[in-house]
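For reference, the structure discussed in these notes is given below.
Derivation of every value follows stated rules applied to the coordinates shown; laboratory data play no part. Values in this document were obtained by computation on a predicted structure and should not be read as measured data. Cβ: placed from backbone, ideal geometry, glycine included. Neighbour counts: every protein chain shown.
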Amino acid sequence: MRTIKTVTRSVLPLMIVASITACSSGKPQAGLSPQQLTDSLHLVLETDRTVYTKLIVNRLQNEEKVIKASEHWKEDKALVLPAQMFRAGAEMAREKGATFSYSLLSTWPINKQNAPKTDAEKTGLDYIAANKGKNYYTEETLGGKKYFTAVYADIAVAPACVTCHNGHKDTPKKDFKIGDVMGGVVIRYPLGS
């Protein structure tokens, strides 16, 4: 008899592959809504980000004190920060021709390029900060193209998150705690042909 965990392990990757395939082609597959697609993409992005943060950065830097993470990782011969890893993945996806996009933004960005720019981003970030556990979905038009835009909370999942953000010289907020919303993941999926 298969357990729920086993079924989840075998079915979930297929759902994610179908979602990514649909998103990459710019044409939703029958039965998958833009929200289902962005939710699936977010599941993968959030999981990878959490795993990297907890199993690599927090473990090697904070627990075992083997190597530090640094925003100047090349010069310092250090680990890439989780936010930098996330941005690098987004840039590579764009370079490989993905029609969807994703970014990590915050109303309290350390790096000003990660501040919200559109009304949907600003409204979405405010919404997820005020409504813990809820996502924000809307449609917006950018550059003459219509997009389904989803905003998901980016949560402080490890001590490495809060120590880095609270202690950074450019941080506008210095009182993050584990479990706090630190910003949001914005995923855009093109609508129409």
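Side notes on the structure shown:
- Under 12 Å from a label point set 7 Å out along the Cα-to-Cβ vector of residue 71, the amide N atoms of region 88-109 belong to 109.
- Cα→Cβ-extended label distance, 7 Å offset, between residue 43 and residue 96, nm: 1.9 nm
- Summarising the strand pairing of region 4-190, around 90 percent of its internal DSSP beta bridges are antiparallel.
- For region 4-190, the fraction of alpha-carbon pairs in successive 5 Å shells from zero, as %: 1, 8, 14, 19, 20, 16, 12, 7, 3, 0, 0
- Solvent-free Debye calculation, one equal scatterer per alpha-carbon of region 88-193: log10 I(q)/I(0) at 0.14, 0.18, 0.23 Å⁻¹ equals -0.58, -0.91, -1.27.
- Subset of 112/173; 54/132; 112/174; 77/173; 74/173; 117/146 violating a 18 Å alpha-carbon distance limit: 54/132; 77/173; 74/173
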